[in-house]
Amino acid sequence: MPLSPALIAVVRGLRGRCPQCGRGKLFAGYLKQAPACSACGAATGEIAAEDGPPWLTVLMLGPLLAALTFVSARQEAWPLWMRLGGLGTFATLAVLMMLPRVKGGLIGVLWGMRPPA
Ligand SMILES: [Zn+2]
């Protein structure tokens, strides 16, 4: 079953690639969007995800971090500094890893929702 063009744009965005062609890079830095695709010239920089990526990242990671916090709070054998340090490190790394992917995916969603030219 072939994927819809909108879903293909989302998958390409999740991979940090141009939602139009899938070859060019979507980002010129960690989260800075490239003004246009280096491969096809699509104006991907015009798609503004605004506050959506941080909001969606927190929405996805929040329940996991809440559960991990609850579980670690019950581990009284572990010192407090180890529990807090482990949770803080995990939360920071998880957010840093997910944020560009979520932003790319959201840009792919917005790209797929554009009206046909
Ligand atoms: Zn492209």
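A few notes on this one:
- Here residue 115 fulfils each of the conditions (1) in a helix (DSSP H, G or I); (2) loosely packed, with under 15 Cβ neighbours inside 10 Å apart from (1).
- Test: residue in region 69-81 that is touching a residue at least 12 places away in the same chain (Cβ under 8 Å) and either part of a helix (DSSP H, G or I) or more than 21 Å from residue 3 (Cα to Cα) (or both): yes
- Any hit, region 74-89, residues being of a type in the set (A, V, I, L, M), touching a Pro at 6+ places or on another chain (Cβ under 9 Å) and surrounded by 12 or more Cβ atoms within 10 Å (Cβ to Cβ): no
Listed here are the residues, each with its yes/no results for (1) of a type outside the set (Phe, Trp, Tyr); (2) under 28 Å from residue 32 (Cβ atoms).
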| site | (1), (2) |
| --- | --- |
| 47 | yes, yes |
| 71 | yes, no |
| 90 | no, yes |
| 95 | yes, yes |
| 104 | yes, yes |
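- Residue in region 91-104 that is among the basic types (Lys, Arg), at pLDDT 95 or above and within 16 Å of the ligand (Cβ to nearest atom) present: no
- Region 6-28: number of residues that are over 10 Å from residue 104 (Cα atoms) and within 14 Å of the chain's Cα centre (by Cα): 0
- Of residues in region 32-56 being assigned to a loop (DSSP other than H, G, I, E, B) and acidic (Asp, Glu), the one farthest from the ligand (Cβ to nearest atom): 51
- The set of residues in region 7-53 that are surrounded by 15 or more Cβ atoms within 10 Å (Cβ to Cβ), touching a Leu at 6+ places or on another chain (Cβ under 7 Å) and within 30 Å of residue 89 (Cα to Cα) comprises 13, 16, 17, 33, 34, 49, 52, 53.
The values are calculated or read from the model by the stated rules, or taken from the named source; none is laboratory data. These numbers were taken from a predicted model, which means no experiment stands behind them. Cβ sites come from the backbone with ideal geometry, for glycine too, and all protein chains shown count toward neighbours.
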